[in-house]
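Structure first, commentary second.
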Amino acid sequence: MTAPFAGGCRCGAVRFEASAEPHHVSYCHCGDCRRASGAPVSAFVGFLVDQVAFTGKALKMYENGPVTRSFCGTCGSPIAYVDERLEDDIYFMLGAMDAPADFEPTQHAYVGEQLAFLHISDDLPRHLKTSVKRPDGTAP
Ligand SMILES: [Zn+2]
Ligand SMILES: [Zn+2]
């Protein structure tokens, strides 16, 4: 895969493009992502925020503690989350990428909250909590 990497929402009102390789691709099994996405497991593609550009005007934000999730104000598709403790990063929903098959997760986060009926058979590292260390050692 070669940059740029583009993505957007279901209706096309929100578009974004990353100019460099992602630094992080992971599954997240936490209950917060589950609520926000509606899906039993989420997956995220992390880029440096200064390598990402948005186009379109429909992006809405929902702030919850240090985490802000964005979504399309027209069609409701979840787009990304940012964490104020990881100010250089932005994590896009893997399904928002135009070529999601190019972003194979390399780890699982929050397997302590994983749904018991969900089985993903791989040998990837599994973290009980976050897969990305926060500077203060805590996790959302
Ligand atoms: Zn949309
Ligand atoms: Zn999560």
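The values are calculated or read from the model by the stated rules, or taken from the named source; none is laboratory data. Computed from a prediction, not measured in an experiment: that's the story for all the values here. All Cβ positions, glycine included, derive from the backbone under ideal geometry; neighbour counts span all protein chains shown.
Give the residue that is farthest from ligand 1 (Cβ to nearest atom), with candidates limited to residues of the stretch 10-20 that are in contact with a Pro (Cβ under 9 Å, 6 or more places away or on another chain) and not charged (D, E, K, R).
Filtering the stretch 10-20 for residues in contact with a Pro (Cβ under 9 Å, 6 or more places away or on another chain) gives 17-20.
Pick out the ones that are also not charged (D, E, K, R) and you get 18-20.
Working: 18: 18, 19: 22, 20: 25 Å.
By that ranking, first place goes to 20.
For the stretch 73-88, give me the residue count where each residue is within 14 Å of ligand 2 (Cβ to nearest atom) and touching a Cys at 6+ places or on another chain (Cβ under 9 Å).
2
Out of the residues in the stretch 48-65 meeting the condition of being within 16 Å of ligand 1 (Cβ to nearest atom) and among the charged types (D, E, K, R), tell me which one is modelled with the lowest pLDDT. So that I can check it myself, show each step before the final result.
In the first step, residues of the stretch 48-65 are kept if they are within 16 Å of ligand 1 (Cβ to nearest atom); the result is 54-62.
With the extra rule that they be among the charged types (D, E, K, R), the set shrinks to 57, 60.
Working: 57: 85, 60: 97.
Going through the qualifying residues, I end up with 57.
Can you tell which of 68, 74 is hydroxyl-bearing (Ser, Thr, Tyr), within 16 Å of ligand 1 (Cβ to nearest atom), surrounded by 13 or more Cβ atoms within 10 Å (Cβ to Cβ) and modelled with pLDDT of 95 or more?
Numbers: 68 fails: within 16 Å of ligand 1 (Cβ to nearest atom).
74 is the lone residue from the list that is hydroxyl-bearing (Ser, Thr, Tyr), within 16 Å of ligand 1 (Cβ to nearest atom), surrounded by 13 or more Cβ atoms within 10 Å (Cβ to Cβ) and modelled with pLDDT of 95 or more.
Give the stretch 13-42 a look and list any residue that's away from ligand 2 (no atom under 13 Å from the Cβ) and aromatic (Phe, Trp, Tyr), or say none.
16
For the stretch 1-109, which fully contained strands (runs of 3 or more DSSP E) count at least 3 residues that are of a type outside the set (Gly, Ala, Ser) and over 22 Å from residue 126 (Cβ atoms)? Walk me through how you get there before you give the answer.
On the way: elements: 5-8, 15-18, 24-28, 42-48, 52-55, 59-64, 67-72, 78-83, 89-93, 107-109.
In the stretch 1-109, 15-18, 52-55, 59-64, 67-72, 78-83 are the strands (runs of 3 or more DSSP E) which contain 3 or more residues that are of a type outside the set (Gly, Ala, Ser) and over 22 Å from residue 126 (Cβ atoms).
For a quick check of your reading of the model, give me the residue pairs whose first member lies in the stretch 1-21 and is crowded, with 17+ Cβ neighbours inside 10 Å, whose second is aliphatic (A, V, I, L, M) and modelled with pLDDT under 95, with beta-carbon atoms closer than 6 Å and at least 6 apart or on different chains.
Going by the 6 Å Cβ cut-off, the qualifying pairs are 13/58; 14/58.
I need the full set of residues from the stretch 55-65 which are in contact with a strand residue (DSSP E or B) (Cβ under 6 Å, 6 or more places away or on another chain) and surrounded by fewer than 15 Cβ atoms within 10 Å (Cβ to Cβ), in order please. Please lay out each step first, then the result.
Filtering the stretch 55-65 for residues in contact with a strand residue (DSSP E or B) (Cβ under 6 Å, 6 or more places away or on another chain) gives 55-56, 58-62.
Within the stretch 55-65, 55, 60, 61, 62 qualify.
Here's the yes/no breakdown for (1) β-branched (Val, Ile, Thr); (2) touching an Asp or Glu at 6+ places or on another chain (Cβ under 7 Å); (3) closer than 16 Å to residue 25 by Cβ; (4) within 16 Å of ligand 2 (Cβ to nearest atom):
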| position | (1), (2), (3), (4) |
| --- | --- |
| 47 | no, no, yes, no |
| 71 | no, no, no, yes |
| 90 | yes, no, yes, yes |
| 93 | no, no, yes, yes |
| 107 | no, no, yes, yes |
| 123 | no, no, yes, no |
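Would you confirm whether or not the stretch 21-28 contains a residue that is closer than 24 Å to residue 107 by Cβ and within 16 Å of ligand 1 (Cβ to nearest atom)? Break it down into steps so the answer makes sense when it comes.
Restricting attention to the stretch 21-28, the residues satisfying the condition of being closer than 24 Å to residue 107 by Cβ are 21-28.
If we keep only those that are within 16 Å of ligand 1 (Cβ to nearest atom) as well, we get none.
No, every residue in the stretch 21-28 fails to be closer than 24 Å to residue 107 by Cβ and within 16 Å of ligand 1 (Cβ to nearest atom).
Out of everything in the stretch 113-140 that is touching a His at 6+ places or on another chain (Cβ under 8 Å) and either in a helix (DSSP H, G or I) or of a type in the set (Gly, Ala, Ser) (or both), what residue ends up being modelled with the lowest pLDDT?
131
Inside the stretch 81-96, can you point out the residues that are surrounded by 21 or more Cβ atoms within 10 Å (Cβ to Cβ) and touching a residue at least 60 places away in the same chain (Cβ under 8 Å)?
91, 92, 94, 96
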